[in-house]
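The values are calculated or read from the model by the stated rules, or taken from the named source; none is laboratory data. Not measured: the values here are computed from a predicted model. For neighbour counting, all protein chains shown are included, and Cβ atoms are generated from backbone atoms with ideal geometry for every residue, glycine included. Just so you know, the surface numbers come from the protein's heavy atoms only, side chains and all, with ligands and any DNA or RNA stripped out. Shrake-Rupley method; radii C 1.70, N 1.55, O 1.52, S 1.80 Å.
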Amino acid sequence: MRYFQLSGDDRIPNTIKPPAWSILQQRDILSSLSLPGRELPPLTIHVHEDDYTIYPDILNIPAPLVSDSLKQLLEKFLPNKGWRAVMLSDIDRGRQHLYWLLQPDVVEARSVQSIFRPDGTLKQLVLHHEKIQQPVFRVAGLREPYIYINLAAAESMLRRSYTGIRLIRIPTVRAE
């Protein structure tokens, strides 16, 4: 099976740039999971846009955020997951854009062949194929809140007209 890192495309100019969260804020928000029927209250992030600002379908900063249309597709792959609403609000222009915090399961799928930098950040990830059962997931033991998807989910996304999505193929191994 092939797997891909799902991220926002940083090559698109004029994308909205929400303020970054500290690592502690990010861990706190990503660890507080919304459950179906027990959703957490929405988060509001203040942003500043101009006449040329683009709102892509996925944002990496401050955490993995997906647009409402991409959420509808991902719900097919994550049927029993809760979602937390995030409002990107530009108070000066009186505009709000709805995004959703993507909180897939964390999987122990990292291979020993993965490479890390001296500061502990990820340099090259290698996934252990047999430990992955979910189509959309995060990998345990990483500082970065990257999202990974299988080939079926990637193909479903590419068949639709989403903006600003980047898929990076991740190498896999069968057994260690």
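Among beta bridges from DSSP that stay inside the stretch 74-176, the antiparallel ones total about 75%.
Compared with the dominant principal axis of the Cα atoms in the chain, helix 68-77 is inclined by about 30°. Listed by chain and number, the aspartates and glutamates placed with their C-alpha closer than 17 angstrom to that of LYS123 are GLU144; residues fewer than eight positions away on the same chain are left out.
List the aspartates and glutamates whose alpha-carbon lies under 17 Å from that of LYS17, not counting same-chain residues fewer than 8 positions away? In chain and number order, the partners are ASP9, GLU49, ASP50, ASP51, ASP57, ASP90, ASP92.
Calculated accessible area for the stretch 101-176 comes out at 54 Å² per residue, all protein chains present (probe 1.4 Å; ligands, DNA, RNA ignored).
Using R0 = 35 Å, the C-beta based FRET efficiency linking LYS131 and ASP10 works out to 0.75. If you run the Gaussian network model on the chain, springs between alpha carbon atoms under 10 Å, then out of ARG11, ARG143, ARG166 the most flexible one is ARG11.
Which length gain, in nm to one decimal place, applies between ASP92 and SER69 when the Cα-Cα distance is subtracted from 0.36 nm times their residue separation? Don't jump to the answer; show the numbers that get you there.
Numbers: separation 23, 0.36 × 23 = 8.28 nm, distance 2.55 nm.
Contour length minus the Cα-Cα distance gives 5.7 nm.
For the pair THR121 and LYS17, label points projected 7 Å from Cα toward Cβ lie 1.6 nm apart. Of all DSSP-defined beta bridges confined to the chain, some 75% are antiparallel rather than parallel.
Around the Cα centre of the chain, unit charges on the Cβ atoms of Lys, Arg, Asp and Glu (plus for the first two, minus for the last two) sum to a dipole of about 520 debye.
Please find the FRET efficiency linking HIS46 to MET1, where r is the Cβ-Cβ separation and R0 is fixed at 41 Å, and quote it to the nearest 0.05.
0.50
For the chain, adding -39500 (n - 2.57) for each run of n ≥ 4 DSSP H residues and dividing by the number of residues yields -4500 deg cm²/dmol at 222 nm.
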